[in-house]
Structure formats: C-alpha cells, structure tokens
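The values are calculated or read from the model by the stated rules, or taken from the named source; none is laboratory data. None of the values given here were measured: they were computed from a predicted structure. Please note: Cβ atoms are built from the backbone with ideal geometry, for glycine as well, and neighbour counts cover all protein chains shown. Ligands, DNA and RNA are excluded from the accessible area calculation, which covers all protein heavy atoms including side chains. Shrake-Rupley method; radii C 1.70, N 1.55, O 1.52, S 1.80 Å.
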Amino acid sequence: MKRTLLASLLSVLSAAAFAQNYSFIDEYGSDVTFATQTYWIPSVSLDTREFAVVNNTTSTVTVKVRKTIISLNDPGATAYFCTDINCYGPTTSLSVNVTVYPGDDFLLTTDFNPDSVAGIAQVRYAVINQANLSDTTFFNIDYNITNGPASVRPNSLVKATITDPMPNPASSVFTMGYKLGTSLTGNCRVVIYNMLGEQVRETPVMAAEGTVKIDVSALEQGIYFCSLQSDGRTLATRRVVISH
C-alpha cells in the first residue's frame, strides 16, 4: 500500500474529529469530505491530484470508489482514477474492492484531461462500504479550465458555502445558511437528493446569502444530501439524516 501522503498527514489525522466514517484528505492535509474542491487548470495539460482515503472506524471495511461525471467542458474531455490496487480508464466508473483496516488509508489518484477546451467540468468521487451501501462518503472536484496558465485565480473570488443542517438528525424541518460568494448566480437553489441520487426536494435561492428552511416531514427516514446549485452546477454539499 502506498504511503506517499501519510507522512505529511499524520498531524492532521490525529487531530481530526471523526464526524464521518471515511475522510478524503488532499495533498495539503485538508479534509475535503463532502466539500467541493475547485482547481484552475490549463486546457492543454493533464491535471493529476492525490487524496488519502481514511477509514475512521474501528472495523476493517471493504469499499469501492465510484466516479460520477456531473458535467464536462467538452465531450472529448476524460476523467479517470487509480487506487492502490488498480487504475481505471475513462469509461470505468466503479473500482474493484479495496480493503481498509481501522485507522488506515489508501491512495486515490484523480486525473482529468480537458481535451484542450476551456470551460467548466465537475466530477464526484465517492467511497462506498460494500457491506452497507448507505455508508457512503464523497467529495466533488470542479475544474475551471482556461486557455491561460494554471492557477490563475481572481483575487475577488469568494467560494460558495452552506452550513451544516440544523437540527441533524431532523424529523420535520431543518434550516441551512448559505452564501453564493462570487459563484454563478443563475437559477440558484438548494436541492435534496436521496442515497440513490434521486432529487426529492428543491428550494429556490434568491438572495446572495441567507437561510433556507426545508420541510422533510414527508420524506422517508434515511441519509440525504443537500446541495447548493447554480445553473445545475453543484457548489457545496452537506449530509442530513432524517429520523421521524
């Protein structure tokens, strides 16, 4: 098993408050679980990132990594990934089983080829416990692809955010705060998805920041994901548990 990231992440992992069963830690030691990471990349080169996928539980688990293409800048663009065991081409979305011991991790490498076309693409990576498919953790990668040099980031850029749902678990109604920042502001909304990726609720967002109240009294018990979206693009996501 590779350990290229582990040495630089020990201090981060030991201090982490394990709020979820699995964590995605990026190359800089930041926990990006359930977050949307934005990278500014040139259109003419392959982008490669490395993440440590950490088992925060006290049990040995068998998981799979699932890649989901949310949007592409161009039909010729491709996204693919590797784990410690195998690498997978652009047409493969699900890895083979990966066994992870308690407190251990494995390396997830993500690659994106923008096909020399500027634009925006978004890819989601999730880890799924094969003994309990509802035990799923994910993060999103936004690729802002330009015809200029990499990492050109406007100084005025402010990332869109949403707060954790309150209360969580929720039985009837929960609230979330949000800020659109300098993200796209067309057709903004908070969308609720179930574990199958099916949309079950939608609340329009009109102001640049504020609070939304969402009625979930009619939803079945279980785990759901709340996404702040603009023009169909996911800006930030949080998890909520419904328990009646």
Test Asp31 against the criterion of being closer than 18 Å to Thr136 by Cβ, charged (D, E, K, R) and modelled with pLDDT of 75 or more, and give yes or no. yes
Can you find, within segment 45-74, the residue that is modelled with the highest pLDDT among those that are small (Gly, Ala, Ser) and assigned to a strand (DSSP E or B)? Ser71
Of the conditions (1) in contact (Cβ under 8 Å) with a residue 24 or more places away in the chain; (2) touching a Phe, Trp or Tyr at 6+ places or on another chain (Cβ under 8 Å); (3) more than 30 Å from Asn144 (Cβ to Cβ); (4) open to solvent by 20 Å² or more (accessible area, probe 1.4 Å), the single one that Val173 does not satisfy is (2)
Report, by residue number, each residue of segment 91-118 that is in a strand (DSSP E or B) and either open to solvent by less than 40 Å² (accessible area, probe 1.4 Å) or not aliphatic (A, V, I, L, M) (or both). Val98, Thr99, Val100, Asp105, Phe106, Leu107, Leu108, Thr109, Thr110, Asp111, Phe112, Asn113
Please go through segment 202-244 and give me each residue that is over 28 Å from Asn144 (Cα atoms), open to solvent by 20 Å² or more (accessible area, probe 1.4 Å) and in a strand (DSSP E or B), ordered by number. Lys213, Asp215, Gly222, Ile223, Val241
Subset tally (residues that are within 24 Å of Cys226 (Cα to Cα) and outside any loop (DSSP other than H, G, I, E, B)) for segment 24-44: 7
Within segment 96-130, the residues that are among the small types (Gly, Ala, Ser) and closer than 19 Å to Ser23 by Cβ are Gly103, Ala126
Given the structure, is Ala121 of a type in the set (A, V, I, L, M, F, W, C), in contact with a Lys or Arg (Cβ under 6 Å, 6 or more places away or on another chain) and either open to solvent by 60 Å² or more (accessible area, probe 1.4 Å) or not in a loop (DSSP other than H, G, I, E, B) (or both)? no
Show the residue pairs meeting these rules: Cβ distance below 9 Å; 6+ apart or different chains; first residue within segment 59-88 and closer than 17 Å to Asp142 by Cβ and open to solvent by 60 Å² or more (accessible area, probe 1.4 Å); second residue modelled with pLDDT under 90 and not charged (D, E, K, R). Ile70/Gly232; Ile70/Thr234
Within segment 179-193, how many residues turn out to be at pLDDT 85 or above and either within 17 Å of the chain's Cα centre (by Cα) or open to solvent by 50 Å² or more (accessible area, probe 1.4 Å) (or both)? 4
